[in-house]
Amino acid sequence: MSNLVKEFNDYRSKMNEVILSKDNLVIKRLWNLDTNTYAEGALSTQTKEMLGLVASMVLRCDDCIKYHLGKCHELGITTAQMYEIFAVANIVGGTIVIPHTRRAAEYWEELIANN
């Protein structure tokens, strides 16, 4: 696993443990809701992760983008599909999304290199 992917995953896991260890009911409920939102339903898990990625890119949240890129990779999204997702995000979000697309493309390359 590349350093870029490993560092993100390690930090995310570490800080999630810290936050959840504080036993805050609202945070636990919010995170549970987030988990359940992406479960298989009328929309496939793949579709939901792609939607989450577009929303994250438009909102310009690099951590969220990395998370959804990882999930999309786990779910078998292809590079061709990924670049269509990037295109949708850039059309919806405008040119301000371009720097996030660059970082997303870099992270995607790291994910596929680790297959």
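The values are calculated or read from the model by the stated rules, or taken from the named source; none is laboratory data. Predicted model, so just to flag it, every value in this text is computed and none were measured. Methodologically, a virtual Cβ is constructed for each residue, glycine included, from the backbone with ideal geometry; neighbour enumeration extends over all protein chains shown.
Worth pointing out:
- Criterion (within 10 Å of the chain's Cα centre (by Cα) and among the aromatic types (Phe, Trp, Tyr)) met by exactly one of Tyr83, Tyr107, Tyr67, Tyr38: Tyr67
- Taking the criterion of being without any contact (Cβ under 8 Å) to a residue 60 or more places away in the chain and either among the charged types (D, E, K, R) or within 14 Å of His68 (Cα to Cα) (or both), the residues of the stretch 98-111 that qualify are His100, Thr101, Arg102, Arg103, Ala104, Ala105, Trp108, Glu109.
- Among the residues of the stretch 82-96, those that are assigned to a helix (DSSP H, G or I) and surrounded by fewer than 18 Cβ atoms within 10 Å (Cβ to Cβ) comprise Tyr83, Glu84, Ala87, Val88, Ile91, Val92, Thr95, Ile96.
- When we screen Thr37, Thr47, Thr95 for residues that are within 23 Å of Ser13 (Cα to Cα) and hydroxyl-bearing (Ser, Thr, Tyr), the only hit is Thr37.
- Residue in the stretch 62-81 that is in a helix (DSSP H, G or I) and of a type in the set (Gly, Ala, Ser) present: yes
- Residue count for the stretch 60-78, restricted to those that are loosely packed, with under 13 Cβ neighbours inside 10 Å and touching a helix residue (DSSP H, G or I) at 6+ places or on another chain (Cβ under 9 Å): 3
- The stretch 1-59 - residue that is part of a loop (DSSP other than H, G, I, E, B) and either among the polar types (S, T, N, Q) or surrounded by 10 or more Cβ atoms within 10 Å (Cβ to Cβ) (or both) and, of those, modelled with the lowest pLDDT: Met1
- Residue satisfying condition, being β-branched (Val, Ile, Thr) and touching a residue at least 12 places away in the same chain (Cβ under 8 Å), within set Thr45, Thr95: Thr45
- Selection count where residues are within 15 Å of Glu74 (Cβ to Cβ), of a type in the set (Ser, Thr, Tyr) and in contact with a helix residue (DSSP H, G or I) (Cβ under 8 Å, 6 or more places away or on another chain), scope the stretch 1-44: 1
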